[in-house]
1. How many of the residues making up segment 39-52 are assigned to a helix (DSSP H, G or I) and out of contact with any Asp or Glu (no Cβ under 8 Å at 6 or more places or on another chain)?
2. Got a number for residues in segment 62-89 being in contact (Cβ under 8 Å) with a residue 24 or more places away in the chain and either surrounded by 15 or more Cβ atoms within 10 Å (Cβ to Cβ) or not charged (D, E, K, R) (or both)?
3. Can you tell me which condition D17 does not meet? The list is (1) within 14 Å of the chain's Cα centre (by Cα); (2) under 26 Å from E116 (Cβ atoms); (3) of a type outside the set (A, V, I, L, M, F, W, C), and all the others hold.
4. Would you mind stating whether A91 is of a type in the set (G, A, S) and assigned to a strand (DSSP E or B)?
5. Can you tell me how many residues within segment 1-25 are among the small types (G, A, S) and in a loop (DSSP other than H, G, I, E, B)?
6. Tell me yes or no: at least one residue of segment 99-117 is charged (D, E, K, R) and in contact with a strand residue (DSSP E or B) (Cβ under 9 Å, 6 or more places away or on another chain).
7. Listed residues L92, L133; which is surrounded by 16 or more Cβ atoms within 10 Å (Cβ to Cβ) and not acidic (D, E)?
8. When you check L63 against the structure, is it within 22 Å of D32 (Cβ to Cβ) and either in a helix (DSSP H, G or I) or among the charged types (D, E, K, R) (or both), yes or no?
Amino acid sequence: MEQKIEALGDKDSSELDQRRAWVYGTNASASDFTSVEEKLDLLAAMLNSGLIKPNHEWQLKSLGVVFGDVLAQSLDVVWVMVEDEYGRSAALMVPQTTILLFPITALLKRLEDGEEVDVRDLYSGFYDRVITLKKQGVRPQ
C-alpha cells in the first residue's frame, strides 16, 4: 500500500489533545510549558520517574505527542495523518517535502526494546536530521 497523507481531522486533533492533557495533568496545560527546554524537562522527568513502564503504550504515545510538539515548535513541521500498510498514525511532515517524522512511536519503540531514552539526545537527533535533509533538498511531494 502506498502512503496516504492527509491533514488531521477533528477526531485526530481531539485524540492528540487528550494525550497532551494527560501529560500536562489536571492542574497545568501546554501554555505552562512554553519553551522547548521546559517541555523536554517535563518529558525527561516523567520518563525518569519509573512510573511509566515500557508496556504502558497509551502513556508512552502521549509523551510522544508532546515530544512531537517540541519538534513542531522548533522546526517547520506540521502534524498530519499517515496511512500505510502498518495502519494509520499521526506524524510530523515538513511542508512541500517527503520528510515524515514519527515522534509518537519513537519513544514507544525504544522503550519497548529496553533502550534508555534521553529525550534531549533524541530531540537533537531528529532536529539535526531534518536540518540536514532540508539543506540537501528533498524532492517535493
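1. Kept after step one, since they are assigned to a helix (DSSP H, G or I), are these residues of segment 39-52: 39-48.
Remaining after also requiring out of contact with any Asp or Glu (no Cβ under 8 Å at 6 or more places or on another chain): 40-43, 45-48.
Qualifying residue count, segment 39-52: 8.
2. 18
3. With respect to (1) within 14 Å of the chain's Cα centre (by Cα); (2) under 26 Å from E116 (Cβ atoms); (3) of a type outside the set (A, V, I, L, M, F, W, C), D17 is out only on (2).
4. Details: of a type in the set (G, A, S): yes; assigned to a strand (DSSP E or B): yes.
Judged against the criteria, A91 is a match.
5. Step one: list which residues in segment 1-25 are among the small types (G, A, S), which gives 7, 9, 13-14, 21, 25.
Then keep just the ones that are in a loop (DSSP other than H, G, I, E, B); that gives 9, 25.
Here the count works out to 2.
6. Step one: list which residues in segment 99-117 are charged (D, E, K, R), which gives 109-110, 112-113, 115-116.
Next cut, in contact with a strand residue (DSSP E or B) (Cβ under 9 Å, 6 or more places away or on another chain) only: none.
No: zero hits.
7. The conditions single out L92.
8. The answer is yes for L63.
Every read-out reported here was derived from the displayed coordinates using simple, explicitly stated rules and does not represent laboratory data. Everything numeric in this text was worked out from a predicted model, so none of it was measured. Reconstructed Cβ throughout: ideal geometry from the backbone, glycine too, with neighbour counts over all protein chains shown.
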